[in-house]
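One structure below.
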Amino acid sequence: MNYQNTLAFAQEQDQQDPLKHFKDRFYAPQINRQDAIYFCGNSLGLQPKSAQMYIDNEMYKWANLAVEGHFKGEEPWFNYHELLKAGTARVVGAKESEVVVMNQLTVNLHLMLVSFYRPQGKRYKIIVEGGAFPSDQYALETQTRFHGYDPDEAVVEIFPREGEHTLRTEDIIQTIKDNAEELALVMMGGINYYTGQVFDMEAITKAGHEVGAIVGFDLAHAAGNIQMDLHNWDVDFAVWCTYKYLNSGPGGTSGVFVHERHGNSADLHRFAGWWGHNAEERFQMKKGFMPMAGAEGWQVSNGQILPLAVHRASLEIFDEAGMDNLRAKSEKLTSYLEYLIDDLKADKSVLEVITPRDPKARGCQISLLVKQNARQLFDTLMAAGIIVDYREPNVIRVAPTPLYNSFEEVYQFSDILRECLRKC
Ligand SMILES: *Cc1c(COP(=O)(O)O)cnc(C)c1O
């Protein structure tokens, strides 16, 4: 595509954008009493205007039906989570029976590790990308320790080569092969939160399986951002949060994928609770855990209806827009951002893009390594009405999302960035 560094070009792209009306479906945060340019959907997605109604419905049921709301009315709470299955399956490329929405991300990661990190004899190692999100690091550290291993030895981190910022798939696969006999699990981000790099989940899964390891992904930055095909890629398990690209509210609920070949495995260890128990017998309060089939069998507590209701509002928007359409726009929008940043011709000693240049190897986030006055640059952008985010030690992440961001906003961002670079 031939991009141009002009406002007119950006506005023309917006005119032609079939998804442009989705912007009106979200509230825009305000800075200086104006709509801010919000490029932080990778951290907390904006509020869908419809979310309030979905919450109100449940509050109304609670007020009027109280405990009867579990079984009465059109959408009883007892199986409310089922309303989210189809939309969730479409977002991550799974069968409905392979997904469930519950709890929060790190909690679900622990629950998955209980089932899928089963070190035995020589096999006890976990491969993860170096610099993974801290919560994932802590989960792996404490899980390996829980099984009696030294995390420094059991957790194998892969780092980029000297002078590079992202991982090469060949290096990931080589590390899997190098640890073949000792590898229990590969557990990586689907997209790294810091660099925005998309990992080749299909190739990694295949390589992991070839050496007899289990392969799982944390899709916090991938869900609602890129297209996935978890079932066909043969991924063993995955977890993700819903408050980033999936716009389902601060601390919102989380999604879980368990491949169907594991869904009925009675021999997998689980930390169980009543909501994973065979639904027909759940209220008979009997001894002896009998899991539901599929991912639902990993549920522990009864559904958190309010976060689930918000997530439902959001998933309906994703269904309307369609992941394919969103991704098509996203690639254009992010490539336009990249083009405009390159056109600033900033010196590499000042500003460097550390996100992969190949659109297929990134989602909608561009991470800027800022080598001079990074914090000042960030503060200046924020004061100018642009909400981006800052990650220590010196990275500014900019994420134009296809649902509610426009080409014009990307253009304005680069214009202000140019000004800021001059000042900082
Ligand atoms: C955002 C994020 C988390 C956050 O975990 P919560 O349990 O939702 O607080 C964890 N891991 C990754 C990779 C993330 O990007």
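Read-outs: derived from the displayed coordinates by stated rules, not from any lab. The shown structure was predicted, so the numbers you read here are calculated from the model rather than taken from an experiment. No Cβ is skipped: glycine too gets one built from the backbone with ideal geometry, and neighbour counts run over all protein chains shown.
With 24 Å as the limit, write out which pairs from LYS244/LYS329; LYS244/LYS360; LYS95/LYS332; LYS95/LYS329; LYS95/LYS206 have Cα-Cα distances beyond it, or answer none. Before the final figure, lay out each step's value.
Working: LYS244/LYS329 18 Å; LYS244/LYS360 20 Å; LYS95/LYS332 29 Å; LYS95/LYS329 26 Å; LYS95/LYS206 20 Å.
Correct reply: LYS95/LYS332; LYS95/LYS329.
Say the dipole of the chain comes from +1 at the beta carbon of Lys and Arg and -1 at that of Asp and Glu; which of MET112, VAL156, GLY93 then lies farthest toward its positive end?
It is MET112.
Which of the chymotrypsin sites (Phe, Trp or Tyr not before Pro) found in region 49-140 are loop residues per DSSP with 13 or fewer other Cβ atoms within 10 Å of their Cβ? Before the final figure, lay out each step's value.
Values: sites: TYR54, TYR60, TRP62, PHE71, TRP77, PHE78, TYR80, PHE116, TYR117, TYR124, TYR138; in loops: PHE71, TYR117, TYR124.
Counting only loop positions with at most 13 other Cβ atoms within 10 Å, the chymotrypsin sites (Phe, Trp or Tyr not before Pro) in region 49-140 are PHE71.
Kindly state, to the nearest 0.05, the FRET efficiency for LEU306 paired with GLU162, given R0 = 35 Å and r defined as their beta-carbon distance. Show your work: numbers first, answer last.
Working: r = 49 Å, r/R0 = 1.39.
Step by step, r from the Cβ atoms, then E = 0.10.
With each run of n ≥ 4 DSSP H residues scored as -39500 (n - 2.57), what mean residue ellipticity at 222 nm is computed for the chain after dividing by its residue count and rounding to the nearest 500 deg cm²/dmol? The partial results should precede the final answer.
Numbers: 14 runs with 155 residues, N = 424.
Only helices count here, giving -11000 deg cm²/dmol.
Which of the peptides 171-178, 397-404, 100-107 is most tightly packed, and how do the rest follow, going by the mean number of other Cβ atoms within 10 Å of each residue? List each step's numbers first, then the result.
Values: 171-178: 16.4, 397-404: 25.4, 100-107: 23.4.
The densest-packed peptide leads the list: 397-404, 100-107, 171-178.
Which order do peptides 25-38, 227-240, 352-365 fall in by mean Cβ count within 10 Å, highest first? Present the calculation step by step, with values, prior to reporting the outcome.
On the way: 25-38: 15.1, 227-240: 22.0, 352-365: 19.3.
Ranked by mean Cβ neighbours within 10 Å, highest first: 227-240, 352-365, 25-38.
What is the spin-label model distance, in nm, from ASN64 to TYR27 if the labels are put 7 Å beyond Cα along the C-beta direction?
With each label placed 7 Å out from Cα toward Cβ, I get 2.4 nm.
Between MET290 and HIS209, what is the spin-label point distance in nm, taking each point 7 Å from the Cα along the Cα→C-beta axis?
Here the answer is 3.2 nm between the modelled labels.
Using alpha-carbon pairs under 8 Å, 6+ residues apart, how would you state the relative contact order of the chain in percent? List each step's numbers first, then the result.
On the way: 786 pairs, mean separation 99.3, N = 424.
In percent, rounded to a whole number, it is 23.
Any number yet on Rg/Rh for the chain, C-alpha, Kirkwood? All intermediate terms of the calculation are to be shown ahead of the outcome.
Details: Rg = 22.3 Å, Rh = 22.6 Å.
For the chain, the value is 0.99.
Kindly rank 41-53, 196-208, 157-169 from highest to lowest mean number of other beta carbons found within 10 Å of each residue.
Numbers: 41-53: 19.5, 196-208: 21.0, 157-169: 13.9.
By packing density, highest mean first, the sequence is 196-208, 41-53, 157-169.
Just want the ordering: MET290, MET285, from fewest to most Cβ atoms lying within 10 Å of their own Cβ. Please report the intermediate quantities before stating the final value.
Details: MET290 14, MET285 8.
Exposure proxy ranking, most exposed first: MET285, MET290.
What helices in the chain pass both tests, a Cα length along the helix axis of 15 Å or more and a mean Kyte hydropathy of 0.0 or higher, using whole DSSP H runs?
Values: long enough: 51-65 (21 Å, -0.61); 105-116 (16 Å, 1.67); 134-146 (18 Å, -1.17); 305-321 (24 Å, 0.72); 323-343 (29 Å, -0.70); 407-423 (24 Å, -0.48).
Sorted by number, the helices that extend far enough and score high enough are 105-116, 305-321.
Neighbour counts of other C-beta atoms within 10 Å: give me SER314, SER301, SER97, SER330 arranged from fewest to most. Provide the component values of the computation, followed by the final result.
Details: SER314 31, SER301 12, SER97 18, SER330 26.
By the 10 Å Cβ count, ascending: SER301, SER97, SER330, SER314.
If amide H atoms are built 1.01 Å from N in the plane of the peptide, which residues on other chains or at least 5 residues away come under 5 Å of the amide H of ASN278?
Close amide H contacts, sequence-distant or interchain: MET290, MET292.
Within region 339-392, which chymotrypsin sites (Phe, Trp or Tyr not before Pro) sit in a loop by DSSP and count at most 14 neighbouring Cβ atoms inside 10 Å? Kindly include the intermediate steps, with their values, before the conclusion.
On the way: sites: TYR339, PHE378, TYR390; in loops: none.
Of the chymotrypsin sites (Phe, Trp or Tyr not before Pro), not one in the loops of region 339-392 has a Cβ with at most 14 other Cβ atoms within 10 Å.
Could you compute the FRET efficiency for ARG118 and GLU202, with r as their C-beta to C-beta distance and R0 at 22 Å, rounded to 0.05?
Working: r = 24 Å, r/R0 = 1.07.
Efficiency for this residue pair is about 0.40.
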